[in-house]
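The structure under discussion appears below in the form of structure tokens.
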Amino acid sequence: MLLLIAAANAPWYLWASQTRDLSQHPVDASSLDRVVQTVMLVAVDARSYPMFAMLFGYGIWQLYSRQAAAGVERTEARGLLRRRHWWMLAIGAVHAALLWAGDVVGAYGLAGLVLVALFIDRADRVLRVWVIVLTSLIAVAGVFSLIGAFAVQASGVDAGATAAGFDIDAGAGEASYPASVLVRSTMWLIATPAQAFLSVTIPIAILGGILAARHRLLEDPARHRRLLRRLAVVGIGVGWLGGAVVAAQNLGLLGLSPELDWGFIYLQSTTGLFCGVGYVALFGLIAARLSGSTAEPRPVGRVTWALAAVGKRSLTSYLAQSVVMAPLLAAWGLGLGADLGSSTVLLVAVGTWLLTVALACWLEATGRRGPAEWALRRLAYRR
């Protein structure tokens, strides 16, 4: 999952390239770059963050239920979650100011503050209703946006006049580091509440994660194989189909002007939500297969051990990606992002992820927590 996050973030560092509203992939691209862009739009872009948000929601319920099992009062357990999410918001602000404007730790923390207060003790039925209603709303928005784009094209109205005109600058193109801090911090202040609530996909995924955790879908995947299989097939199927439509627009196959890319944004985010859930379910099925039966658990292989080590240190691994990629690619660092394309920056993302795997394996072998996990735990528990 962190590999997909790295792959999704890397194109934002291509600061010298002209891009479209569909994504941060360069318009001027080679044939290989076009292939990579197509794969990214179908399977990665707008799919990784809902996937991660669902696991964040899953973790919220795990922490809350563990406190209850230990006899902790509900108000105290909610206070622990509240402190944890406030500190995530603070970590996100620092992360954005220093390195990466597209930080999601703060957005997850902000969403967690609100959703825990409103939903943590509500019945499953209430959570299901909200998930269904909110998903329906963004799906309808996606359909009408798509229809609107085709209607504008058919009417002959100047497509450029309908474009949103909001250019997101992640600060990667600033040659001055202090100036880049200002740009990133400003963008984070705008983007964090937008990601947490206006996009809607993150709250939906978090609520879905809480629901899944209540029924132990990932802790006992073998017992939920049928449901996980359905979620994987439907989720990934819808996600890839929607991504294929967006990729077709990116390739110019639909006959729509690039200025009408706004018509595909909700389609990409809605189908991305489905795809993210489908990926979580798929990984649950893989986990069930790797673990074997409860009576005869299979030995853990080296690859599984390494991936588990990263998973235990997901916050550290996520932040470490920025520590590597930002100085390497941004204009205030080595500036390599000016000369790379979609395919070459993907190689940088994969290499960065491999470095985080090596770091996590070393920490696991030496019995150490990830530094970010250690700090967040200490701050949240106040000891």
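Read the figures in this text as sums done on the coordinates, not as results from a lab. Bear in mind that the values here come from a model prediction, so they are computed numbers and not experimental data. Please note: Cβ atoms are built from the backbone with ideal geometry, for glycine as well, and neighbour counts cover all protein chains shown.
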Sorted from largest down, give the three principal axis spans of the alpha carbons of the chain, whole angstrom values. 65, 45, 40
Computed helical MRE - 222 nm, the chain, DSSP H runs ≥ 4 contributing -39500 (n - 2.57), nearest 500: -23000 deg cm²/dmol
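Regarding region 216-259, what is the average projected area of its C-alpha convex hull, in nm²?
4.2 nm²
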Pull out a ≥ b ≥ c, the square roots of the eigenvalues of the alpha-carbon gyration tensor of region 184-287, then state rounded if a/c is under 1.5, prolate if not and a/b is larger than b/c, and oblate in the remaining case. oblate
Send over the semi-axes of region 1-147's equivalent ellipsoid, whole angstrom and largest first, taken as the square roots of 5 times the C-alpha gyration tensor eigenvalues. 35, 20, 13
Pairwise FRET efficiency - ASP124 versus VAL303, Cβ, R0 = 35 Å, nearest 0.05: 0.50
Relative contact order for region 199-334 using alpha-carbon pairs under 8 Å, separation at least 6, rounded to a whole percent? 27 percent
